[in-house]
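Working notes, beginning with the structure itself.
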Amino acid sequence: GDHYLLSGQWQWGSGSANCSWLGGGAMIFEDDALQKFDNGAPNHRMLFFPAKEATFVDSWHVAGLKGTGSGDFSVKNLKIPKDRSVSFVADQPRDAGALYKFPLFGLLALGVSSVALGNARAALEEIRTIAIHKKTPGGGRTMAQRATVQVELARATAQLEGAFSYLENAISACWLEAQGSDEISAKGRANLRLACAHATETSAELCKMAYTLGGGAAVYSDNVLQRRFRDAHVATQHIATSPAVFELAGRVLLDQPVDMAML
(Lines give C-alpha, C1' and ligand atoms only; values in the text may rest on other atoms or scores of the structure.)
Protein backbone atom coordinates (compact mmCIF):
# COMPACT_ATOMS: atom_id res chain seq x y z
CA GLY A 1 0.00 0.00 0.00
CA ASP A 2 1.21 3.49 0.92
CA HIS A 3 3.50 2.32 3.74
CA TYR A 4 6.74 0.50 4.35
CA LEU A 5 7.16 -1.98 7.19
CA LEU A 6 10.57 -1.31 8.74
CA SER A 7 12.76 -3.51 10.92
CA GLY A 8 16.42 -2.91 11.66
CA GLN A 9 19.18 -1.83 14.01
CA TRP A 10 21.60 1.00 13.21
CA GLN A 11 25.04 1.83 14.62
CA TRP A 12 26.83 5.16 15.10
CA GLY A 13 23.61 7.02 15.95
CA SER A 14 25.39 10.20 17.06
CA GLY A 15 23.20 12.35 19.30
CA SER A 16 20.21 10.08 18.68
CA ALA A 17 19.10 10.12 22.33
CA ASN A 18 18.56 13.89 22.04
CA CYS A 19 16.53 13.73 18.81
CA SER A 20 12.80 13.93 18.19
CA TRP A 21 13.12 12.15 14.83
CA LEU A 22 15.49 9.47 13.58
CA GLY A 23 16.39 8.07 10.17
CA GLY A 24 17.47 4.59 9.21
CA GLY A 25 18.78 3.31 5.89
CA ALA A 26 17.06 0.18 4.61
CA MET A 27 16.95 -2.11 1.60
CA ILE A 28 13.48 -2.61 0.17
CA PHE A 29 11.95 -6.08 -0.14
CA GLU A 30 8.66 -7.13 -1.71
CA ASP A 31 7.37 -10.67 -1.20
CA ASP A 32 10.77 -11.54 0.32
CA ALA A 33 12.56 -10.45 -2.86
CA LEU A 34 15.16 -7.67 -2.73
CA GLN A 35 14.13 -4.82 -5.03
CA LYS A 36 16.85 -3.45 -7.33
CA PHE A 37 17.45 -0.40 -9.48
CA ASP A 38 17.91 -0.74 -13.25
CA ASN A 39 21.70 -0.90 -12.80
CA GLY A 40 21.36 -3.89 -10.47
CA ALA A 41 22.13 -1.99 -7.25
CA PRO A 42 19.84 -2.70 -4.26
CA ASN A 43 16.89 -0.35 -3.79
CA HIS A 44 18.05 1.53 -0.70
CA ARG A 45 16.01 4.22 1.02
CA MET A 46 16.29 6.33 4.16
CA LEU A 47 13.14 6.09 6.30
CA PHE A 48 12.24 8.57 9.04
CA PHE A 49 10.31 7.89 12.25
CA PRO A 50 9.68 9.47 15.68
CA ALA A 51 12.44 8.71 18.18
CA LYS A 52 9.87 7.57 20.74
CA GLU A 53 9.11 4.58 18.49
CA ALA A 54 12.73 3.35 18.60
CA THR A 55 14.55 1.24 21.17
CA PHE A 56 17.93 2.65 22.23
CA VAL A 57 20.80 0.23 22.80
CA ASP A 58 23.55 1.08 25.32
CA SER A 59 26.36 0.14 22.93
CA TRP A 60 28.61 3.22 22.75
CA HIS A 61 31.49 1.94 24.91
CA VAL A 62 34.41 3.16 22.83
CA ALA A 63 37.97 4.48 22.86
CA GLY A 64 37.15 8.07 21.87
CA LEU A 65 34.42 10.52 20.85
CA LYS A 66 32.48 9.25 23.86
CA GLY A 67 30.52 12.49 24.18
CA THR A 68 28.77 11.97 20.83
CA GLY A 69 26.56 9.31 22.38
CA SER A 70 26.62 7.32 19.15
CA GLY A 71 24.84 4.24 20.41
CA ASP A 72 22.65 1.87 18.42
CA PHE A 73 18.90 2.19 18.00
CA SER A 74 16.39 -0.26 16.58
CA VAL A 75 12.78 -0.70 15.43
CA LYS A 76 10.71 -3.77 14.59
CA ASN A 77 7.80 -3.94 12.15
CA LEU A 78 7.32 -0.19 12.27
CA LYS A 79 4.76 1.14 9.78
CA ILE A 80 6.11 4.20 7.94
CA PRO A 81 4.32 6.23 5.23
CA LYS A 82 6.11 6.27 1.87
CA ASP A 83 6.32 10.07 1.95
CA ARG A 84 8.61 9.77 4.99
CA SER A 85 11.32 8.09 2.93
CA VAL A 86 13.92 9.19 0.40
CA SER A 87 16.37 7.56 -1.98
CA PHE A 88 19.68 9.35 -2.33
CA VAL A 89 20.11 7.59 -5.67
CA ALA A 90 16.70 7.67 -7.36
CA ASP A 91 15.17 10.85 -5.90
CA GLN A 92 16.11 14.43 -6.73
CA PRO A 93 16.28 17.37 -4.26
CA ARG A 94 13.19 19.58 -4.18
CA ASP A 95 15.35 22.68 -3.71
CA ALA A 96 17.57 23.68 -6.64
CA GLY A 97 20.13 25.51 -4.48
CA ALA A 98 23.84 24.66 -4.66
CA LEU A 99 23.91 23.16 -1.16
CA TYR A 100 21.45 20.43 -2.16
CA LYS A 101 23.67 19.28 -5.01
CA PHE A 102 26.35 18.22 -2.55
CA PRO A 103 26.47 14.41 -2.16
CA LEU A 104 25.36 12.81 1.10
CA PHE A 105 28.72 11.24 1.93
CA GLY A 106 30.50 14.48 1.02
CA LEU A 107 28.43 16.47 3.50
CA LEU A 108 28.86 13.78 6.16
CA ALA A 109 32.63 13.74 5.61
CA LEU A 110 32.75 17.52 5.93
CA GLY A 111 31.31 17.33 9.42
CA VAL A 112 33.72 14.64 10.59
CA SER A 113 36.83 16.26 9.09
CA SER A 114 35.93 19.70 10.47
CA VAL A 115 35.72 18.28 13.98
CA ALA A 116 39.01 16.42 13.43
CA LEU A 117 40.80 19.61 12.31
CA GLY A 118 39.47 21.57 15.28
CA ASN A 119 40.56 18.81 17.62
CA ALA A 120 44.08 18.84 16.12
CA ARG A 121 44.32 22.62 16.30
CA ALA A 122 43.43 22.51 19.99
CA ALA A 123 46.01 19.74 20.58
CA LEU A 124 48.75 21.90 19.04
CA GLU A 125 47.69 24.86 21.18
CA GLU A 126 47.84 22.65 24.26
CA ILE A 127 51.33 21.30 23.53
CA ARG A 128 52.52 24.82 22.67
CA THR A 129 51.42 26.04 26.11
CA ILE A 130 53.06 23.05 27.79
CA ALA A 131 56.29 23.54 25.84
CA ILE A 132 56.59 27.19 26.86
CA HIS A 133 56.07 26.55 30.57
CA LYS A 134 57.27 22.99 31.22
CA LYS A 135 60.94 22.44 32.04
CA THR A 136 62.78 19.33 30.89
CA PRO A 137 64.01 16.95 33.64
CA GLY A 138 67.46 17.87 34.92
CA GLY A 139 68.14 20.46 32.25
CA GLY A 140 66.44 23.53 33.65
CA ARG A 141 65.36 24.52 30.13
CA THR A 142 61.80 24.66 28.93
CA MET A 143 60.65 22.31 26.16
CA ALA A 144 60.26 25.39 23.96
CA GLN A 145 64.03 25.89 24.05
CA ARG A 146 64.70 22.45 22.53
CA ALA A 147 65.34 22.44 18.78
CA THR A 148 63.51 19.14 18.28
CA VAL A 149 60.33 20.55 19.82
CA GLN A 150 60.61 23.72 17.75
CA VAL A 151 60.92 21.68 14.55
CA GLU A 152 58.05 19.32 15.46
CA LEU A 153 55.65 22.16 16.24
CA ALA A 154 56.60 24.11 13.11
CA ARG A 155 56.11 21.08 10.86
CA ALA A 156 52.83 20.21 12.56
CA THR A 157 51.52 23.75 12.09
CA ALA A 158 52.35 23.65 8.39
CA GLN A 159 50.66 20.25 8.01
CA LEU A 160 47.52 21.45 9.77
CA GLU A 161 47.23 24.63 7.72
CA GLY A 162 47.92 22.67 4.52
CA ALA A 163 45.14 20.16 5.26
CA PHE A 164 42.76 22.98 6.19
CA SER A 165 43.52 24.91 3.00
CA TYR A 166 43.11 21.82 0.80
CA LEU A 167 39.70 21.19 2.35
CA GLU A 168 38.63 24.81 1.86
CA ASN A 169 39.74 24.72 -1.79
CA ALA A 170 37.87 21.47 -2.42
CA ILE A 171 34.68 22.90 -0.90
CA SER A 172 35.00 26.11 -2.91
CA ALA A 173 35.49 24.19 -6.15
CA CYS A 174 32.41 22.04 -5.50
CA TRP A 175 30.37 25.10 -4.55
CA LEU A 176 31.26 26.89 -7.78
CA GLU A 177 30.48 23.77 -9.79
CA ALA A 178 27.13 23.32 -8.04
CA GLN A 179 26.16 26.92 -8.80
CA GLY A 180 26.88 26.54 -12.51
CA SER A 181 25.62 23.04 -13.32
CA ASP A 182 22.95 20.50 -12.43
CA GLU A 183 25.32 18.37 -10.38
CA ILE A 184 28.86 18.16 -9.04
CA SER A 185 31.16 16.06 -11.22
CA ALA A 186 32.69 12.76 -10.13
CA LYS A 187 36.13 14.42 -9.96
CA GLY A 188 34.78 17.22 -7.79
CA ARG A 189 33.08 14.77 -5.45
CA ALA A 190 36.17 12.58 -5.27
CA ASN A 191 38.39 15.58 -4.52
CA LEU A 192 36.05 16.64 -1.72
CA ARG A 193 36.09 13.17 -0.15
CA LEU A 194 39.87 12.98 -0.54
CA ALA A 195 40.36 16.35 1.15
CA CYS A 196 38.13 15.25 4.06
CA ALA A 197 39.91 11.92 4.52
CA HIS A 198 43.31 13.62 4.26
CA ALA A 199 42.33 16.25 6.84
CA THR A 200 41.09 13.57 9.25
CA GLU A 201 44.16 11.39 8.84
CA THR A 202 46.53 14.36 9.16
CA SER A 203 44.71 15.52 12.28
CA ALA A 204 45.19 12.11 13.89
CA GLU A 205 48.92 12.19 13.12
CA LEU A 206 49.24 15.66 14.67
CA CYS A 207 47.36 14.62 17.80
CA LYS A 208 49.72 11.66 18.12
CA MET A 209 52.69 14.02 17.83
CA ALA A 210 51.26 16.32 20.53
CA TYR A 211 50.51 13.35 22.77
CA THR A 212 54.06 12.02 22.36
CA LEU A 213 55.62 15.40 23.15
CA GLY A 214 53.39 15.56 26.23
CA GLY A 215 55.45 12.79 27.79
CA GLY A 216 54.39 10.77 30.81
CA ALA A 217 51.89 13.39 31.94
CA ALA A 218 49.83 12.83 28.76
CA VAL A 219 48.80 9.30 29.73
CA TYR A 220 46.67 10.38 32.70
CA SER A 221 42.91 10.48 32.18
CA ASP A 222 42.71 14.11 33.35
CA ASN A 223 45.17 15.23 30.65
CA VAL A 224 43.47 16.71 27.60
CA LEU A 225 46.13 15.41 25.18
CA GLN A 226 45.20 11.75 25.71
CA ARG A 227 41.55 12.57 25.06
CA ARG A 228 42.37 14.43 21.84
CA PHE A 229 44.58 11.52 20.79
CA ARG A 230 41.73 9.03 21.32
CA ASP A 231 39.08 11.23 19.67
CA ALA A 232 41.29 11.81 16.63
CA HIS A 233 41.81 8.12 15.98
CA VAL A 234 38.12 7.24 16.32
CA ALA A 235 37.35 9.89 13.68
CA THR A 236 39.63 8.06 11.22
CA GLN A 237 37.41 4.97 11.57
CA HIS A 238 34.23 6.74 10.43
CA ILE A 239 32.91 5.38 7.12
CA ALA A 240 32.94 8.87 5.59
CA THR A 241 36.65 9.49 6.32
CA SER A 242 38.15 6.00 6.67
CA PRO A 243 41.25 4.83 4.75
CA ALA A 244 38.96 3.18 2.16
CA VAL A 245 38.15 6.68 0.87
CA PHE A 246 41.66 6.95 -0.59
CA GLU A 247 40.97 3.94 -2.82
CA LEU A 248 37.63 5.44 -3.86
CA ALA A 249 39.27 8.73 -4.83
CA GLY A 250 42.14 6.92 -6.51
CA ARG A 251 39.74 5.07 -8.79
CA VAL A 252 38.36 8.39 -10.02
CA LEU A 253 41.84 9.86 -10.46
CA LEU A 254 42.81 6.86 -12.59
CA ASP A 255 39.58 6.89 -14.65
CA GLN A 256 38.41 3.56 -13.24
CA PRO A 257 34.71 2.60 -12.70
CA VAL A 258 33.35 3.75 -9.33
CA ASP A 259 30.11 3.40 -7.39
CA MET A 260 28.80 6.98 -7.45
CA ALA A 261 26.40 6.24 -4.58
CA MET A 262 29.41 5.88 -2.27
CA LEU A 263 31.02 9.05 -3.62
Give just the number: which of (1) surrounded by fewer than 16 Cβ atoms within 10 Å (Cβ to Cβ); (2) over 11 Å from residue 199 (Cβ atoms) does residue 162 not satisfy?
(2)
Checking the condition within 29 Å of residue 41 (Cα to Cα) and either of a type in the set (Val, Ile, Thr) or not assigned by TED's automatic domain parsing to the domain that holds residue 12 (or both), which residue from 165, 185 passes?
185
Collect the residues in the range 215-263 that are polar (S, T, N, Q) and assigned to a helix (DSSP H, G or I), keeping them in residue-number order.
226
Among residues of the range 172-203 being part of a helix (DSSP H, G or I) and of a type in the set (Val, Ile, Thr), the residue surrounded by the most Cβ atoms within 10 Å (Cβ to Cβ) is 200
Within the range 33-79, tally of residues that are free of Cβ contacts under 8 Å to residues at least 24 places away in the same chain and more than 30 Å from residue 115 (Cβ to Cβ):
8
Exception for residue 17 within (1) touching a His at 6+ places or on another chain (Cβ under 8 Å); (2) more than 22 Å from residue 83 (Cα to Cα); (3) surrounded by 12 or more Cβ atoms within 10 Å (Cβ to Cβ) falls at (1)
Consider only pairs whose beta carbons are under 9 Å apart and that are at least six residues apart or on different chains; among these, list those whose first residue lies in the range 145-171 and is assigned to a helix (DSSP H, G or I) and whose second residue is loosely packed, with under 12 Cβ neighbours inside 10 Å and not charged (D, E, K, R).
145/139
Taking the options 261, 249, 240, name whichever one is in contact with a Phe, Trp or Tyr (Cβ under 6 Å, 6 or more places away or on another chain), in contact (Cβ under 8 Å) with a residue 12 or more places away in the chain and either within 24 Å of residue 44 (Cα to Cα) or of a type in the set (D, E, K, R) (or both).
240
When restricted to 222, 182, the only residue out of contact with any Gly (no Cβ under 8 Å at 6 or more places or on another chain), of a type in the set (Asp, Glu), without any contact (Cβ under 8 Å) to a residue 40 or more places away in the chain and farther than 17 Å from residue 246 by Cα is 222
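The values are calculated or read from the model by the stated rules, or taken from the named source; none is laboratory data. The model shown is predicted, which means the values in this text are computed figures rather than measured ones. Reconstructed Cβ throughout: ideal geometry from the backbone, glycine too, with neighbour counts over all protein chains shown.
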